[in-house]
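Q: Before anything else, here's the structure in question.
The values are calculated or read from the model by the stated rules, or taken from the named source; none is laboratory data. All figures in this text were calculated on a predicted structure; none of them were measured in a lab. Note that we place each Cβ from the backbone using ideal geometry, even for glycine, and neighbour counts take in every protein chain shown.
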Amino acid sequence: MRTSRTLLSTLKEAPSEAELPSHRLMLRAGFIRRLASGIYTWMPLGLRIVRKVEAIVRAEMNRAGAVELSLPVVQPAELWQESGRWQAYGPELLRFRDRHERDFVLQPTSEEAITDIARSELKSWRKLPMHLYQIQTKFRDERRPRFGVMRGREFVMKDGYSFHADFADLQREYWVMHETYTRIFTRLGLAFRAVAADTGAIGGTGSHEFQVLADSGEDAIAFCPGSDYAANVELAEAVAPAGGRPAPAQAMQKVATPGKTSCEAVSEMLGLPLATSVKAIALMGSEGGIDGGPERFVLLLLRGDHSLNEIKAAKIPFLNPFRFATGEEIQKHMGCVPGYIGPVGVSGFKVVADRSVAAMADFVCGANDAGYHLTGVNWGRDLPEPDLVADIRNVVAGDPSPDGKGALELCRGIEVGHIFQLRTKYSEAMKAVFLDDKGESRPMEMGCYGIGITRIVAAAIEQGYDARGAVFPAPIAPFEACVVPIGYHKSAAVKEAADKLYADLLAAGVDALLDDRDERPGSMFADMELIGVPHRLVVSDKGLAAGTVEYKGRRDEKPSMLPQGEAVASVRAWLTPA
RNA sequence: CGGGGUGUAGCGCAGCCUGGUAGCGCGCCUGGUUUGGGACCAGGAUGUCGGAGGUUCAAAUCCUCUCACCCCGACCA
């Protein structure tokens, strides 16, 4: 490609709408342009990156035996009513009517449409297993689209669905996909980690997320450097402290703590470590999910330096679902204003202690008297044992790893892939059954596997950029190499050498860009760096006189010289994976 | 959905408080000089000041409503 023939629309200054580095750079580099909130045009250069990501994903999916098809973006409501998701899916599901007043949706994902295919086409065990996938536009009407294509409303996703005769075969495919995703993200050149994930509303027995590691990631990941344990913080287990509960050493005392309504403030005033305090969180919980029973007051206890994990809490039967209690409700059940509530001397509701709290002795907590806290509090002596001890907190760095192989560390990640064992949720709801080898009708076991294609582009930049622009791994850079001639429109020798170098690169299978614009060198260098081309070759009269071409890798500090005749072979070699 | 903020030329912004000729930088067009890190000189084009209504002799500026967008939070296959 020649720069003069493509649409290279770089900006010196980023539009003010962008905050995240990848978003700003994608706008500046001319990869995307916003059309509406969370909806972007992929400009020619950006689309090249998308296509390269797609090609790698497609190649590895095919290699793993999955088969590509394409499902409609617009799908009839009937299908969604059949699975129950017409009701269950919130306003993220974009619904609309056609001219005949029939309801339709824009696919946010396609379990229904694919299950419909499966039930009509896969009627015999002889046709199983079957793994079908598509790379397609998705739409989710996000409450708050943000960070450009990182969390847009319209995006491209690879979604695959596998169908199996039994659970064992689903598990086999699940691990094939685990391996395939590992190959994909490795080939994409990204630093990533596969982490155990919460299965969420979708249920099932197993789920892994593939997270690209980046400080700006929306997800927190706990991992153990001494083993392969890694889990989303939503899921990561906080194990009970080793050694159990120490014996009481102090008497319980009531101390005045006027105006100190937080564990931090109380600990600071008393000169005690934050980890010796207990914070009480008042919830209103009910049992039985969405249709739930009557709400009941529940008191949760966490160590002062810990935070509540709402997903874990919601797994307690009488807290599914829950909400935070209001000030009035706290006053009613505790007889005290928020800020000074505690578990001592209370009754009439359940008290749930985090594992770490249950192992504490001589702790500090609210006295249920405005302006006072208690110190030296001990379980069994000053208050009854909690009604329930559970893991309800977020793990913190330094916590023991659940596999016992060291201490956990935390990092942040961008979710770019997610694999699920769906089991029979959709096949049962939509009667996707097959005849097994005994002639019996059974629902198919299903797996589903997603990769956020467009999100990967943003994640790759988030993981690789500097002050000058994007720094792409070569496999997904918009171009692998560029030729920047100095004096292309002035020097016949430079033009001839640059054209030849460019042609030779193409002939060698290098995806090359020739900057044939009549621009000053500084402008051309700046643009090539902004769009993140990994390899740059500069042709100039000065170099030609010495028989050299200047080379500079995108991450290199200084350029170096290559003999003119070796430039193509060198670039070719650098692009070939070891 | 709650909180905060911003809408003025393609992009970044000033002007608004204190009403009176709509500005600056970059980009764009023409000509010239330049050509190894986003050049310089001269000339030029581009705005329903997000929209509607109101106050006023007069509104980018004051008032009301509205729309769009961004940030924080909550939410989330």
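Q: Condition first: at pLDDT below 90 and closer than 16 Å to A:Gly417 by Cβ. Now tell me which residues in the stretch A:141-160 satisfy that.
A: Of everything in the stretch A:141-160, nothing turns out to be at pLDDT below 90 and closer than 16 Å to A:Gly417 by Cβ.
Q: Regarding the stretch A:81-92, can at least one residue be identified that is touching an Asp or Glu at 6+ places or on another chain (Cβ under 8 Å) and more than 15 Å from RNA strand B (Cβ to nearest atom)?
A: Yes, the conditions are met somewhere in the stretch A:81-92.
Q: Tell me which residues, restricted to the stretch A:241-294, are within 26 Å of A:Ala325 (Cβ to Cβ), in a loop (DSSP other than H, G, I, E, B) and without any contact (Cβ under 8 Å) to a residue 24 or more places away in the chain.
A: Scanning the stretch A:241-294 gives A:Gly293, A:Pro294.
Q: Assess whether A:Arg24 counts as being within 11 Å of RNA strand B (Cβ to nearest atom), out of contact with any strand residue (DSSP E or B) (no Cβ under 9 Å at 6 or more places or on another chain), over 30 Å from A:His164 (Cβ atoms) and at pLDDT 90 or above.
A: Judged against the criteria, A:Arg24 is a match.
Q: I'm told A:Glu234 meets every condition in (1) at pLDDT below 95; (2) assigned to a helix (DSSP H, G or I) except one. Can you identify the failing condition by its number?
A: So the condition that A:Glu234 fails would be (2).
Q: Which condition does A:Glu209 not pass, out of (1) among the acidic types (Asp, Glu); (2) surrounded by 13 or more Cβ atoms within 10 Å (Cβ to Cβ); (3) modelled with pLDDT under 90, if it passes all the others?
A: Condition (3) is where A:Glu209 drops out.
Q: Residues that are in contact with a helix residue (DSSP H, G or I) (Cβ under 7 Å, 6 or more places away or on another chain) and either surrounded by fewer than 19 Cβ atoms within 10 Å (Cβ to Cβ) or touching a residue at least 12 places away in the same chain (Cβ under 8 Å) (or both), at least 2 per element: which helices (runs of 4 or more DSSP H) completely within the stretch A:474-578 meet that?
A: Per the criteria, A:492-507, A:541-545, A:567-575.
Q: So, one more: Could you tell me whether A:Ala118 is assigned by TED's automatic domain parsing to the domain that holds A:Tyr161, more than 12 Å from RNA strand B (Cβ to nearest atom) and farther than 18 Å from A:Val457 by Cβ?
A: yes
Q: Here's another thing I want to ask about it. Residues of the stretch A:248-261 being loosely packed, with under 13 Cβ neighbours inside 10 Å and closer than 18 Å to A:Ser307 by Cβ, which ones?
A: None; the set is empty.
Q: Still on this structure: Which residues, taken from the stretch A:209-231, are more than 11 Å from the chain's Cα centre (by Cα) and assigned to a strand (DSSP E or B)?
A: Within the stretch A:209-231, A:Ala222, A:Phe223, A:Ala230, A:Ala231 qualify.
Q: Report yes if some residue within the stretch A:171-178 is in the same structural domain as A:Arg140 (by TED's automatic domain parsing) and either assigned to a loop (DSSP other than H, G, I, E, B) or in contact with a Cys (Cβ under 6 Å, 6 or more places away or on another chain) (or both); otherwise report no.
A: no
Q: Residues that are outside any helix (DSSP H, G or I), touching a Ser or Thr at 6+ places or on another chain (Cβ under 7 Å), of a type in the set (Lys, Arg) and closer than 26 Å to A:Gly244 by Cβ: does the stretch A:378-396 have at least one?
A: yes
Q: With more than 7 Å from RNA strand B (Cβ to nearest atom) and under 30 Å from A:Asp499 (Cβ atoms) as the only criterion, which of A:Ile32, A:Ile49, A:Ile39 stands out?
A: Criteria check complete, one pass: A:Ile49.
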